[in-house]
Each structure stands twice: as structure tokens, then as C-alpha cells.
Amino acid sequence: MAQAPTADWGITVVGERQHTVRADDVTEATLTTGRVRVSCASGDRYDATWRGVGVGDLLDGASPPAETTHLVFESDSGYAACVPVGDAIGGLVAVERDGEALAEDESYATRFVAPGVDGARFVKGVERIRALSLPPEADPTEYENLDLDSPEYEKTDA
């Protein structure tokens, strides 16, 4: 099977079990494509076609508990975003944008993207995904480390 165009990366996925997906595990057959509109804090807006591994596929090996309400996406730099599971499951951890490997143009090889999710939560350099079961009164932002004043802050247009 052909190898997908990726860099050297690994993502640890934590649910009832923990497993790691590495670049070498990803083949052309395991990639999916999605189109997402991104709005940067700088005012730039663009539609991009992202290609990567579906969040649901990444979760399969970790067996997240049935009561999972949120997923925390953590970067290699400590940036972390807590996303409702219903929103995150439709996303992917991208390795390409508009046909180009992220690692060729950026300082990161992977990026979480999902339609309808605020761009500040489009974590770059994803290295870990954790399943959380939060009670209704919990504040998901307590599980985040977002620097909204950073030029990295982006949001998607709904």
C-alpha cells in the first residue's frame, strides 16, 4: 500500500486504552479530505482543503468511554483545546492543506481542523488527544491552554 505524504510525527490517543498513531501507520487508504473555511485574527480568510486522519478513526484504538463529552487536543508546544465530542468527531488531524504536506510549509506536521469549530481550537502540532467526560456544570475552558492574543489565533466561519 502506498505511504501517505507525512512527516515524522506521532499522536497518543487516550481513552479507556492508550495507543499511539505514527506517520508510518498512515497510508493513502486511511486519509480523508474535508474543506474548512478559516478566519485568522490578522483578518485573513481562506477556504482550504485539508487531508488527514479522521478524529473518529484516531479514537477507535483508544476506546473512549461512552460518556465522553469532550476531546482535548494537545500540541507539542503545550497549546491545548477542549472541543465537544460532537463537533470534534467530524474533524480530522490534517497532514496536508490544499495538496501540500503541512511539514513542507509550516513548523508543524499535523493540525486538528473541524467545520464549525473556532479556529483558536485548530491545534497545530497535535501530539495527544484525550477523551473527557465532563458533567454539565463543568467549564471545558479549564482544560485548555489557549493564547488568544497570539497571531496563531484563528476562527472558522460558521
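Bear in mind these aren't lab numbers, they're just calculated from the coordinates by the rules spelled out. Computed from a prediction, not measured in an experiment: that's the story for all the values here. Reconstructed Cβ throughout: ideal geometry from the backbone, glycine too, with neighbour counts over all protein chains shown.
Among the residues of the range 115-130, the one identified as surrounded by 24 or more Cβ atoms within 10 Å (Cβ to Cβ) and closer than 15 Å to residue 48 by Cβ is 122. Of all the listed residues (36, 26, 21), the sole one being in contact with a helix residue (DSSP H, G or I) (Cβ under 7 Å, 6 or more places away or on another chain), at negative phi and touching a residue at least 40 places away in the same chain (Cβ under 8 Å) is 21.
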